[in-house]
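Below: the structure, in structure tokens.
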There are 2 protein chains.
Amino acid sequence: MNSEFTIAVHSLALLANLPDHMASSEHIAKNVCTNPARIRKIMSILRKHGFVRTKEGIGGGYILDRDPRELNLAQIYETISSGTLKPHWCTGDPEDTCVVSSKMHCVMDQIFNQAEFHYKKYLEQITIQSVLDQIKQP
Amino acid sequence: MNSEFTIAVHSLALLANLPDHMASSEHIAKNVCTNPARIRKIMSILRKHGFVRTKEGIGGGYILDRDPRELNLAQIYETISSGTLKPHWCTGDPEDTCVVSSKMHCVMDQIFNQAEFHYKKYLEQITIQSVLDQIKQP
DNA sequence: TAAACTGTAAGCATTAAGATTACAGTACTC
DNA sequence: GAGTACTGTAATCTTAATGCTTACAGTTTA
């Protein structure tokens, strides 16, 4: 599991906390503790899905383009990390004569797909606003 | 996400399919498509949790020690892969003066812990027997 | 036209995942 | 009790995934 989803959530929460001005990739990167190129890559995907607006040139950067109360983590997961619940490596061999070996891949695939469905159902309940509220709790 | 959980499920389903005799690590490894040492490492954990019995020496190997209808994937996940839903890398910096940066780690931790809780709830519904039934479907 | 930004990609470094090898310990068989 | 076929476990090596750095073209503003 890589951490692009976590970075996206962090970045969006940060933008929700700065509703009135743009934040540069360098600013966000410092806050998240990573490098600007990585932030730009992730924000570029978020822009293509309409979560943020970007502006190039002087005074440019990123700004949230959604109501944080209506932006949930399932939407973010979907665009950034869909399909990452299942491991890259898979057991079994479809060519094997043993049914267990030959079908296991397919069965585990279904299990992970459904697991991801439930995972997203859970993430749907959490909005960027609720993340921000939790952060600001004393 | 590594694939030890998948390997454990595959191995246990295989054992459930061979209820009357022991399977060696080499046999299981061939079926799973990995190496015997890896199987032994995973099976050793499963033995410590009472899922399988092992026997050393000639004719030894592994045999299921649970009713496959009462052995669910949540139990397996718990013993093999607990805590792996959250990425190793974490955003933010607890020492940062910005609340978002300093608290994000803690908030994401909670989110991933609860996500794992829901994930396990889903896995509870799936038994080794049901995996085997799915495999044997035409 | 210079400065400050994004967009994107190539290449490098680090870390996690998986394979290999080795060998001690155990149980069975002759 | 010696040989064989297993598990248990650890050390080391290889490969693949992850993250970082650098670079530069494109865009906007001053």
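At an R0 of 45 angstrom, the distance between the Cβ atoms of A:Asp133 and B:Asp65 translates into a FRET efficiency of 0.40. When chain B is turned onto chain A, the axis of that turn runs closest to one Cβ of chain B, and that residue with its distance in whole Å is B:Met1, 3.
Given a Förster distance of 45 angstrom, what is the FRET efficiency for B:Trp89 paired with B:Asp20, based on the Cβ-Cβ distance and rounded to 0.05?
Working: r = 46 Å, r/R0 = 1.03.
After rounding to 0.05, the efficiency reads 0.45.
Excluding ligands, DNA and RNA, the accessible surface per residue across chain A is 49 Å² with a 1.4 Å probe.
For segment A:73-80, backbone phi angles converted through the Karplus equation (6.51, -1.76, 1.60; θ = phi - 60°) give residue-by-residue couplings of 5, 5, 4, 5, 4, 3, 6, 9 Hz, Gly and Pro being listed as x.
When peptides A:24-35, B:106-117 are sorted by average Cβ neighbour count within 10 Å, with the highest value leading, the order is A:24-35, B:106-117. Copy-to-copy label distances for A:Ser24, where each label lies 7 Å from Cα along Cα-to-Cβ, are 6.5 nm in order of increasing length. Label-to-label distances for B:His49 across copies, nearest first, come out at 3.2 nm, using points 7 Å from Cα in the beta-carbon direction.
Accessible surface buried by the A/B pair amounts to about 4200 Å², both sides summed, 1.4 Å probe.
Can you list the residues of segment A:101-118 whose accessible area drops by at least 10 Å² going from the chain on its own to the full set of protein chains, with a 1.4 Å probe? Those residues are A:Ser101, A:Lys103, A:Met104, A:Val107, A:Met108, A:Gln110, A:Ile111, A:Phe112, A:Gln114, A:Ala115, A:His118. Applied to segment B:6-14, the Karplus parametrisation 6.51 cos²θ - 1.76 cosθ + 1.60 on θ = phi - 60° returns per-residue 3J(HN,Hα) values of 4, 4, 4, 4, 4, 4, 5, 5, 4 Hz, with x for Gly and Pro. Per-residue Karplus couplings for segment A:100-110, computed as 6.51 cos²θ - 1.76 cosθ + 1.60 with θ equal to phi - 60°, are listed in order as 4, 5, 6, 9, 4, 3, 5, 5, 5, 4, 4 Hz, Gly and Pro entered as x.
In percent, rounded to a whole number, the relative contact order of chain A is 27, using alpha-carbon pairs under 8 Å and six or more apart. Atom-type composition of the exposed protein surface of chain B places 50 percent of the accessible area on carbon and sulfur (1.4 angstrom probe).
State the Kirkwood hydrodynamic radius of chain A in Å, one decimal place, computed from all pairs of distinct Cα atoms. Walk me through the intermediate numbers first.
Details: mean 1/r = 0.0598 Å⁻¹.
Mean inverse Cα-Cα distance, inverted, gives 16.7 Å.
Placing dummy labels 7 Å off each Cα toward the beta-carbon, the span from B:Ser82 to A:Ser44 is 4.2 nm.
The values are calculated or read from the model by the stated rules, or taken from the named source; none is laboratory data. As the structure is a prediction and not an experimental result, all values here were calculated from the model. Reconstructed Cβ throughout: ideal geometry from the backbone, glycine too, with neighbour counts over all protein chains shown. The protein model used for the area step is the full one, side chains on, heavy atoms only, and it has no ligands, DNA or RNA in it. Shrake-Rupley method; radii C 1.70, N 1.55, O 1.52, S 1.80 Å.
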